[in-house]
Amino acid sequence: VMIPETLSDDAACLAEPLACAINAIEQLSPRPGESLLVFGAGSVGLLLALAAKAFGLIPSLVETNPEKLAKSQILRSSMGVSASASVDRDCFDMAINACPSMDAVSQGVGRIRKGGRFCLFSGLSQKETLPPTLLNEIHYRQLRLVGAYGCTLSNVKTAIRILDEIQDIALLIIEKKISVEEVNEAMEEVYMGRTLKIITEIY
């Protein structure tokens with residue numbers, strides 16, 4: 001895949017994760033103007049929101065971690081995307097979990113309209129169980145449940161085009177750049193979910 005000269009190296013680093021977000025959105029067969037509820041406002045949730053905007057959707061984010069809400073505020077404001085610690089309405093057209101939480105899946109399924117679509121994007125722990133009430137929601141309200149994992153070459157090309165168009169906004173998701181020597185220390189922050197995107201500079 002060719003990277004245009006106008007796209008910075010830092011922004012190009014976001015092509016693969018954004019492509020995965022694009023793949024998830026595409027699985028939902030979106031139509032411009034539809035609403036999308038995303039659970040999680042970390043880097044994955046923000047990239048899903050960015051992809052959703054590119055598809056002409058209206059994304060809303062749910063994030064219970066106040067630190068993540070604070071870190072993402074500037075980026076969310078630049079995108080025009082709202083976020084809160086809880087969901088204050090129902091009848092979304094679609095929902096996606098950008099966090100490995102069964103509660104997020106249950107809430108997402110419960111908040112979409114009859115005939116709505118839910119994408120399982122973040123995998124769940126093997127300790128999680130699928131409650132029968134959730135299956136009944138899917139059954140009785142004729143919901144569509146899809147999964148999304150990875151991306152295609154076409155998704156990557158789309159991601160590069162989007163990044164080239166809005167790279168000033170996309171770059172806000174990169175929290176810092178570190179050296180190889182700082183990777184071990186940074187990974188502790190990543191595992192704890194305390195960071196957005198970090199770029200490792202290799203010389």
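Screening the range 97-122 for residues that are buried (at least 17 other Cβ atoms within 10 Å of the Cβ) and touching a Pro at 6+ places or on another chain (Cβ under 9 Å) and picking the one that is farthest from residue 69 (Cα to Cα) gives 117. Against the condition within 22 Å of residue 110 (Cα to Cα), in contact with a helix residue (DSSP H, G or I) (Cβ under 8 Å, 6 or more places away or on another chain), open to solvent by less than 10 Å² (accessible area, probe 1.4 Å) and not in a helix (DSSP H, G or I), how does residue 36 come out, does it pass? Yes; evaluated as a whole, the condition is true for this residue.
Annotation note: Cβ proximity below 7 Å between a residue of the range 101-120 that is in contact (Cβ under 8 Å) with a residue 60 or more places away in the chain and a residue that is part of a helix (DSSP H, G or I) and open to solvent by 30 Å² or more (accessible area, probe 1.4 Å) (sequence gap 6+ or interchain) occurs for 119/27. In this structure, residue 177 does not satisfy being at pLDDT 95 or above, open to solvent by 50 Å² or more (accessible area, probe 1.4 Å) and among the charged types (D, E, K, R). What do you reckon, is residue 53 in contact (Cβ under 8 Å) with a residue 24 or more places away in the chain, assigned to a helix (DSSP H, G or I) and within 20 Å of residue 164 (Cβ to Cβ)? Yes.
The values are calculated or read from the model by the stated rules, or taken from the named source; none is laboratory data. Keep in mind that this is a model prediction, so the values were computed, not measured. Cβ: placed from backbone, ideal geometry, glycine included. Neighbour counts: every protein chain shown. Note: areas computed on protein heavy atoms with side chains; ligands, DNA, RNA excluded. Shrake-Rupley method; radii C 1.70, N 1.55, O 1.52, S 1.80 Å.
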